[in-house]
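I have placed the structure first, in the form of structure tokens, so that the comments after it can refer back to it.
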Amino acid sequence: MRGVGGAAVTRTNVRYTLEQFHDLGDRGLFESRGAVLLDGIIIEEGRMTPAHATGILLAGDALRPIFGRDWWVSMQLPLVVGEASDPVPDVAVVRRGDRTATRHPTTAVLVIEVADDTLGFALGEKQAAYARGDIADYWVLDVNGRQLHIFRGPAGDVYATHLTLGEADTVSPLAAPAAIVRVADLLP
């Protein structure tokens, strides 16, 4: 499997707990390596391309005015979606917590992964992790294909609904049904 920017995705053969994964991260083991934990397996995604980075920034810009001050639009921050999964989504909309939080968020009303060379990973393993984590609204921004994949209705490790939208289409987040997001506004 190819990672961000065409680099190979590296996997370990050992299963880790969330605590072990976070401890390794605190020790600096994953510095600049794009590590995530899915079902106890550490996966390094590799370097980020400019298109991927721009897609993250554009998604954040589009979502902040929609969700306002009661929500954080976090970018590449931990989101614990199971006993052994911390996929570190590109963008997640989480309820604003207090400033003395002692643990990472465990749910989000919207998660977006930006994919270029990682499309298969985002549509496969990450999609399954978010479904198992009961993330109701999961979007995959395919920067190469100029499309937005919308997954809704988590059921086990799949979603009941998968829509594919093009640049000319619009979508409303489930948590903000009156808002309209143009797919073109998300694409670099």
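The values are calculated or read from the model by the stated rules, or taken from the named source; none is laboratory data. Bear in mind that the values here come from a model prediction, so they are computed numbers and not experimental data. Cβ placement follows ideal geometry from the backbone for every residue including glycine, while neighbour counts extend to all protein chains displayed.
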message: Take L58 and tell me if it is closer than 21 Å to T106 by Cβ, crowded, with 16+ Cβ neighbours inside 10 Å and at pLDDT 85 or above.
response: no
- request: Give segment 44-54 a look and list any residue that's out of contact with any helix residue (DSSP H, G or I) (no Cβ under 8 Å at 6 or more places or on another chain) and either modelled with pLDDT of 90 or more or aliphatic (A, V, I, L, M) (or both), or say none.
  value: P50, A51, A53, T54
query: Condition test on I112, is it closer than 20 Å to L163 by Cβ, at pLDDT 95 or above, within 13 Å of the chain's Cα centre (by Cα) and of a type in the set (A, V, I, L, M)?
result: yes
task: Please tell me if R64 is in contact with a Phe, Trp or Tyr (Cβ under 9 Å, 6 or more places away or on another chain) and surrounded by fewer than 16 Cβ atoms within 10 Å (Cβ to Cβ).
output: yes
task: For segment 17-69, name all the residues that are in a helix (DSSP H, G or I) and either in contact with a Cys (Cβ under 6 Å, 6 or more places away or on another chain) or of a type in the set (V, I, T) (or both).
output: T54, I56, I66
field: All positions within segment 32-52 that are within 13 Å of the chain's Cα centre (by Cα) and either closer than 12 Å to V143 by Cβ or surrounded by fewer than 17 Cβ atoms within 10 Å (Cβ to Cβ) (or both)
entry: H52
query: List pairs: first in segment 164-188 and under 12 Å from D142 (Cβ atoms), second acidic (D, E) and surrounded by 13 or more Cβ atoms within 10 Å (Cβ to Cβ), Cβ under 6 Å, 6+ apart or cross-chain?
result: V183/E167; V183/D169
- prompt: Checking S74 against (1) small (G, A, S); (2) within 25 Å of E167 (Cα to Cα); (3) outside any strand (DSSP E or B), which single condition isn't satisfied?
  reply: (3)
statement: Filtering strands (runs of 3 or more DSSP E) wholly in segment 83-188 for at least 1 residues that are in contact with a Phe, Trp or Tyr (Cβ under 7 Å, 6 or more places away or on another chain) and surrounded by fewer than 20 Cβ atoms within 10 Å (Cβ to Cβ) gives 91-95, 147-155, 158-166
query: Mind checking which pairs have a first residue in segment 133-154 that is under 27 Å from T106 (Cβ atoms) and a second that is of a type in the set (D, E, K, R) and not in a strand (DSSP E or B), Cβ under 7 Å, 6 or more apart or different chains?
result: P154/D134
